[in-house]
Amino acid sequence: MAAARIKKGDRVIVLSGKDKGKTGDVTMAMPKDGKVVVSGVNIAVRHTKPSQGDPQGGLMRSEAPLHVSKVAHVTADGKPTRVRFETQDGKKVRVAVKTGDKIDG
């Protein structure tokens, strides 16, 4: 299992697919499946019949998971970057490859 380069709360950009170029925050990370859910991206629409729990029915929109390889961290200027790990002051921290900025706090 590789270390988590993308975690919940990170700002990411979509690299491929129908939502290419969109940015959003990671709302849920699924490291075992290698997927992430990004807010406002990869919206799945499901037609539902009216039921007791949902008397209105109709179109239900929800964010579907994306594979982690389809997203990348966003730098301050809005461009994608890879993530590497460095040891600073005895702690393992995530660092943006393009800018060298520390991602963790």
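The values are calculated or read from the model by the stated rules, or taken from the named source; none is laboratory data. The model shown is predicted, which means the values in this text are computed figures rather than measured ones. Cβ atoms come from the backbone with ideal geometry, glycine included; neighbour counts cover every protein chain shown. Only protein heavy atoms, including side chains, enter the accessible area calculation; ligands, DNA and RNA are left aside. Shrake-Rupley method; radii C 1.70, N 1.55, O 1.52, S 1.80 Å.
A few notes on this one:
- Note, ³J(HN,Hα) from phi for segment 60-65, Karplus 6.51, -1.76, 1.60, rounded to Hz, x at Gly and Pro: 10, 9, 8, 7, 8, x
- Of all accessible heavy-atom area on segment 1-96, the percent that carbon and sulfur account for (1.4 Å): 52 percent
- Shape class of segment 30-80 from the alpha-carbon gyration tensor: prolate, with a/c at 1.5 or above and a/b greater than b/c.
- Relative contact order (%) - criterion: Cα under 8 Å, at least six apart; region: the chain: 21 percent
- The phi torsions of segment 76-88, fed into the Karplus equation with coefficients 6.51, -1.76 and 1.60 and a -60° offset, translate into couplings of 4, 8, x, 9, x, 9, 7, 10, 10, 10, 10, 9, 10 Hz, rounded to whole numbers, with Gly and Pro shown as x.
- Annotated for segment 1-47: lysine pairs at least 8 residues apart or interchain, Cα distance under 22 Å, count 11.
- For Val71, distant residues with modelled amide H under 5 Å away: Leu15
- Taking every protein chain into account, the accessible area of segment 37-105 amounts to 70 square angstrom per residue (probe 1.4 Å).
- Each peptide in 73-81, 50-58, 89-97 gets a packing score, the mean of other Cβ atoms within 10 Å over its residues, and the list from highest to lowest is 73-81, 89-97, 50-58.
- The Rg/Rh ratio of the chain, with both radii computed over alpha carbons and Rh defined as the Kirkwood radius, is 1.10.
- Charge tally around Ala96: other residues with Cβ under 9 Å, Lys/Arg +1 each, Asp/Glu -1 each, net +4.
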